[in-house]
Amino acid sequence: MKFYLISDNIDTLMGLRLGGIEGIVVHEKHEVKEALGKAMSDKEIAVVLITQKLVTDSSDLIYDLKLNRKYPLIVEIPDRHGSSHISASISQYVREAVGIRI
């Protein structure tokens, strides 16, 4: 089982390639759709990593796949365009999921 990256910048791709994760750089919504289609049809890919900017740009497509397909897992990752307030994001997720404030 493999990881696969769909990124909007070469920096993220090169960093993850150092860790053995292959991927592709795309910029347009139709390119995201095509890359996701290829990744979803490859039975060896277990996890698709996709950068925040691409998730924001193609949210309808990605959330539809997340809701209607169990495999592979689609995970949004931060990149250089992403939020640097990771602890705030985690606190918000806990607050929404559990209903308590940390």
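Here are some notes:
- Those residues of region 66-76 which are open to solvent by 30 Å² or more (accessible area, probe 1.4 Å) and not in a loop (DSSP other than H, G, I, E, B), in sequence order: K66, L67, N68, L73, V75, E76
- Every residue from region 27-55 that is open to solvent by 60 Å² or more (accessible area, probe 1.4 Å) and touching an Asp or Glu at 6+ places or on another chain (Cβ under 9 Å): H27, E28, K29, K53
- Selection count where residues are within 12 Å of the chain's Cα centre (by Cα) and under 20 Å from E44 (Cα atoms), scope region 1-12: 5
- Residue count for region 13-26, restricted to those that are open to solvent by 70 Å² or more (accessible area, probe 1.4 Å) and under 14 Å from the mean Cα position of the chain (by Cα): 1
- Residues of region 2-12 satisfying the condition of being charged (D, E, K, R) and open to solvent by 30 Å² or more (accessible area, probe 1.4 Å): K2, D11
- Selection within region 8-31 - closer than 17 Å to P78 by Cβ and modelled with pLDDT under 95: D8, N9, I10, D11, T12, L13, M14, G15, L16, G19, I21
The values are calculated or read from the model by the stated rules, or taken from the named source; none is laboratory data. These numbers come from a predicted model, not from an experiment. Neighbour counts are summed over all protein chains in view; Cβ atoms, including those assigned to glycine, are modelled from backbone coordinates with ideal geometry. Remember, those area values only see protein heavy atoms, side chains included, never the ligands or the DNA or RNA. Shrake-Rupley method; radii C 1.70, N 1.55, O 1.52, S 1.80 Å.
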